[in-house]
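A quick write-up on the structure given underneath.
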Amino acid sequence: MTESNGSQRSVGDSPPRVDGTGKVTGAALYVDDLPVPGAWHGRTVRSTVPHGILRAIRLDADFDWSQVVVVTAEDIPGRNLITLIVDDQPALVPLGGTIRHVEEAVAVVVAPTRAAALEASRHVTLEVDALPSIHDLDAALAAAVRLHGDDNVQKRLEIHRDDADIDAVLAACDHVVEGVYTTGAQEQMYIETQGMVARWEDGRCHVVGSLQCPYYVHTALKPLLALGDDEVIVGQAVTGGGFGGKEEYPSMLAAHAALASLKTGRPVKLIYDRGEDIAVTTKRHPARVRHRLGLRADGTLVAADVDVLIDGGAYVTLSPVVLSRAILHATGPYRIPHVRVVGRSMATNTPPHGAFRGFGAPQTTFAYERQMAKAAVRVGMDPIAFRRHNLLRDGDTTATGQVLSGSVGSDAVVDALEQALEAEPPTPATRFGTLSAPVRRGRGLAVCFHGAGFTGSGEARLMGRATVAALPTGGFEVRSSSTDIGQGALTIFTQIAAQALGVDPVHVHIAQASTDRVPDSGPTVASRTCMVVGRVVEQAATALRERLETWGRSASSAAPAASTASTASAPPTAPTPAPGTAAGAGAHDVLALARRHLDQVGEVAETRTYEPPAGVAWDDDTYTGSAYPVFGWAACLVDLAVDEDSLEVTVERCLHAIDVGRAIHPRIVKGQIEGGTLQALGWALWESVPYADGRVANPSMTDCIIPTSSDAPELETILVEVPYAYGPHGAKGVGEIPMDGPAAAVASALEQALGVACDELPLLPEVLQRLVAQGGAASIGASS
Amino acid sequence: MTEWIRPPSLDEALAARREHPDFMLLAGGTDLMVGAIARPAPVGVIDLFGLPELSGVSRDPAGGLRLGAGTTFAALLTDDAVRTELPALWAAAREVGALQIQARATLGGNIGTSSPVGDSLPVLLALDAEVEVASSRGTRRLAYDEFCTGYRTHALGGDELIVAVHFPADIGRRVQAWRKVGTRRAQSISKVMFAASVERGADGTVTLARLAFGAVREQPIRALAGEQCLAGETPDAALAEAVAAAVLTDIAPIDDVRSTADYRRTVAGRLARRFVLSLA
């Protein structure tokens, strides 16, 4: 691990974001802001039924089509496929092909203006032989309609901690806690809707868009367009949020824009409006988790038997890996000797569900933390003491047989939470308005972990690369395909590289994430950008500095007179010796060395590839081994009040202590945690995506609501730092873990407040009213 | 292309209205601009926003408050007379959208849209408001509960404009209440709205009762059965239960993407009960 000289210290500070000024002033160009002279605009024509055979695409004979181009599957030069895990999803449904969900793309109409394209799209009609369709887990399980194999199971995964008969083990336990936990779809609601621009030049297809993973799009476009690696160039525009929603779906927009541009011979812009974006893009998987927990009378956990069902939607997309993360988190951060977990991803005639912050873990975390809350009550233990009694600690073994070794912050986050509880709580926000009712109050707790980086052998397969180069124009450039989607990647990479190089951060530039300019660092997902790619950036920067210093030492002995120009280019900060400067090499900082090297020898760059730490081994066949290189740990406490008349919930306090290894930029890290926590509270209390016959029923920001700042409590975020030896400066993943715990804490607090089991999400007031009406709490709503 | 008229005076606005009865009236745009892309473009627009003769709070000859139809909710919130004499309307104005919406949205626009979830509309019912409408033929006033005729419909003539809203001179004497139960704290569409006002006799009996709801029927409504139950009585816990039961016969809520009929019915009853309890 590199700790550079103090004067260039940046890691651990919170400097202004490098992209902040551009975004605040409006100078930043999001995809729809990019000037694209001569561009036409695309509008996607979609199915009108959730399941059927496409027979014909009809163009209204009375409409003027002279200024419109219609793109269909027949215009695809390569394979009609959005390449991902399984080759099942077409870019455009061909004639005679099967429509599997109601938002499935059939054609793209292209016209000189967006309004003209929209109008033209209304004059396209489809002839479809409708088929019976299925829209939920029960219908998928019944398999009266078969969408995938004989049983609609897109993927089945199992974990078996041991060979014991789990039913027999449970039968022998003093207590068995059993519950069924259902969670709903959730919309990412990034502030910028999805958009893509495509153009062709010299036989090469150039695509720029709002996206997380340029190389995913690159991989998808090559076979579709029958082009080679260098013939498809995918770049990221400034991107207004992703949360997983721009992980896989941008490949679909890119496919449509590229085909439209190919056929029109013009650049084509494809920008979704909000209604379309909500209706068609991926959501968090709805899930149902049946969880049985066996324990001894003293509160010691003995066995867990978990059945996980997720609704994958009409195509496989990323569901197998979402399912994998779901089951790998299904027993939580607890010592449980006997474990069986079975997970299935089911096919339905619903637009595919996909990546969303947490990636399966929030669904199973909700289940196991509700179980822990109930188990603590059952054995009569304090909720915190109960968790302490069972928490995984350094040296303990997880459900997959992974022996935890280093950076285990389980006790540290609970300690931090308990310390914070001793302090004076902030004054809770009082409800505005007249005619307020009495409230019921409750407190809920959640403790959880989240595996950082790709699951299993994923990181070893990805071999993420990053380059740090000295620029001819002075300064250094970091080249990686990790994108800044608002989470601060540009700023933390700048900090990490600057500190490793020993230069002021103003001399570090991050290259645009475009496939012709940066190596494949792997996707911007899975809480891996800082921990995995940041580490590679640090290694590349360190290697570059060492190479320059080595050269400087030999060059200065050969040619001791340094040019005046390199002296003049010293950074504006106080002159200090460069890190690691060998005695006798002179007071050359790395910046000056790089300048001299460029003048005398030429360009210089170092590329490094991620190598998993020794001992991280995973067996995909048996689902055993090191599921993740390391885990983040979190403890969340929620105090809330419920209005007795309306059952509206006010979150009065939300404490969240999270072990992040090391905060490279504490303010950004806290921002990530606060945003993720509020997103989790939203999933628990307000956010609902109802479907009607497989179609999103509330596709607008008016109805598909997320919490506002008025709904948010004063979030109390506590950074806990238990360093990870293989992360940059000890950092580990933080992007997703805040999403995992709060929903269970909310549900347990509501259970305490209302006296009814709260085992489903979202816990809208309407749901609470139903639960209260069904389950006692007779005094709610009575005169008081 | 849509023709856009922005008349500089009320006379010119009325002339434009007479000439173009098919043009859309735009008072602030906070409702009409939502979903404008999905609707066919209007033939034309008469933009009334900021028309000086429609803006501001004054007192009519009878001594009642007269609120110009073009007055924004932001302007209502800074008016002392509104805050002290119409506290229910003031409270409703505070829960319209957010600051940006309040700066554009107008009372007249809310009335013109005539949505069952219009935030100010139950207050107009509970406070016996009258709507003043004008045309080049003259002006007329009608009670708001006659003006609003159904789901997004009202009694405005094809050549008329909503000019102002009038309140009774002694409205400030009434006990007023307002509660919006929305999808969230702010920027929210109502699931149930409740507005009420009463006058009390010296002995505490309710001498006048107005109970109104929004979002529980196809239009904002007065809960007449509830009012009858309350009027002439002395509020106590038993009366609260009786009024809560009575208002259920006045409302007919539905299931939609924002809530359920069951929830709306349950909450409407509880809000009425809470109001009566607050008088006890």
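The values are calculated or read from the model by the stated rules, or taken from the named source; none is laboratory data. Fair warning: this is a prediction, and the values are worked out from it, not measured in the lab. When we count neighbours, we look across all protein chains shown, and the Cβ atoms used for this are built from the backbone with ideal geometry, even at glycine.
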- Message: Quick check on segment B:221-235. Is at least one of its residues at pLDDT 95 or above and within 14 Å of chain A (Cβ to nearest Cβ)?
- Response: yes
- Is it true that some residue in segment A:466-480 is more than 14 Å from chain B (Cβ to nearest Cβ), in contact with a strand residue (DSSP E or B) (Cβ under 6 Å, 6 or more places away or on another chain), farther than 30 Å from A:Thr21 by Cα and surrounded by fewer than 20 Cβ atoms within 10 Å (Cβ to Cβ)? no
- If you go through segment A:99-136, how many residues are under 17 Å from A:Arg266 (Cα atoms) and within 14 Å of another protein chain (Cβ to nearest Cβ)? 4
- Query: On the given criteria, is A:Val377 without any contact (Cβ under 8 Å) to a residue 24 or more places away in the chain and either assigned by TED's automatic domain parsing to the domain that holds A:Leu655 or surrounded by fewer than 24 Cβ atoms within 10 Å (Cβ to Cβ) (or both)?
  - Reply: yes
- Query: Does segment B:251-279 hold any residues that are crowded, with 20+ Cβ neighbours inside 10 Å and within 29 Å of A:Ala697 (Cα to Cα), and which are they?
  - Reply: B:Ile251, B:Pro253, B:Arg258, B:Ser259, B:Tyr263, B:Arg264, B:Thr266, B:Val267, B:Ala268, B:Gly269, B:Arg270, B:Leu271
- Message: For the structure I just gave you, tell me whether A:Val447 is away from chain B (no Cβ under 14 Å), closer than 27 Å to A:His175 by Cα and out of contact with any His (no Cβ under 9 Å at 6 or more places or on another chain).
- Response: yes
- Message: Can you say whether B:Glu199 is without any contact (Cβ under 8 Å) to a residue 40 or more places away in the chain and not in a helix (DSSP H, G or I), as far as the supplied structure shows?
- Response: yes
- Out of all the residues in segment A:631-638, is one or more within 14 Å of another protein chain (Cβ to nearest Cβ) and under 30 Å from A:Glu766 (Cα atoms)? no
- Message: surrounded by fewer than 24 Cβ atoms within 10 Å (Cβ to Cβ) and more than 13 Å from chain A (Cβ to nearest Cβ): which single residue out of B:Thr106, B:Thr153, B:Thr183 fits that description?
- Response: B:Thr153
- Does A:Arg595 satisfy being touching a Ser or Thr at 6+ places or on another chain (Cβ under 6 Å) and either in the same structural domain as A:Ser324 (by TED's automatic domain parsing) or at pLDDT 50 or above (or both)? yes
- Could we say that A:Glu158 is in contact (Cβ under 8 Å) with a residue 24 or more places away in the chain and either closer than 30 Å to A:Gly275 by Cα or part of a loop (DSSP other than H, G, I, E, B) (or both) here? no
- Residue in segment B:142-150 that is crowded, with 23+ Cβ neighbours inside 10 Å, within 14 Å of another protein chain (Cβ to nearest Cβ), hydroxyl-bearing (Ser, Thr, Tyr) and within 19 Å of the chain's Cα centre (by Cα) present: no
- Query: Residue check, A:Ser7 against (1) touching a His at 6+ places or on another chain (Cβ under 8 Å); (2) at pLDDT below 95; (3) among the hydroxyl-bearing types (Ser, Thr, Tyr), all met but one. Which one?
  - Reply: (1)
- Residue list for segment A:344-371, filter: out of contact with any Ser or Thr (no Cβ under 8 Å at 6 or more places or on another chain), surrounded by 24 or more Cβ atoms within 10 Å (Cβ to Cβ) and not in a loop (DSSP other than H, G, I, E, B): A:Met346, A:Ala347, A:Ala361, A:Thr364, A:Thr365, A:Ala367, A:Gln371
- Query: Can you list the helices (runs of 4 or more DSSP H) found entirely within segment B:16-135 that contain at least 3 residues being in contact with a Lys or Arg (Cβ under 8 Å, 6 or more places away or on another chain), modelled with pLDDT under 95 and within 30 Å of A:Arg43 (Cα to Cα)?
  - Reply: none
- Item | Filtered residues of segment B:156-180 (kept if over 30 Å from B:Ala15 (Cα atoms), part of a loop (DSSP other than H, G, I, E, B) and away from every other protein chain (no Cβ under 14 Å)) | B:Pro168, B:Ala169, B:Asp170
- Filtering segment A:676-724 for residues that are of a type in the set (Gly, Ala, Ser), within 20 Å of the chain's Cα centre (by Cα) and closer than 19 Å to A:Leu640 by Cα leaves a count of 4
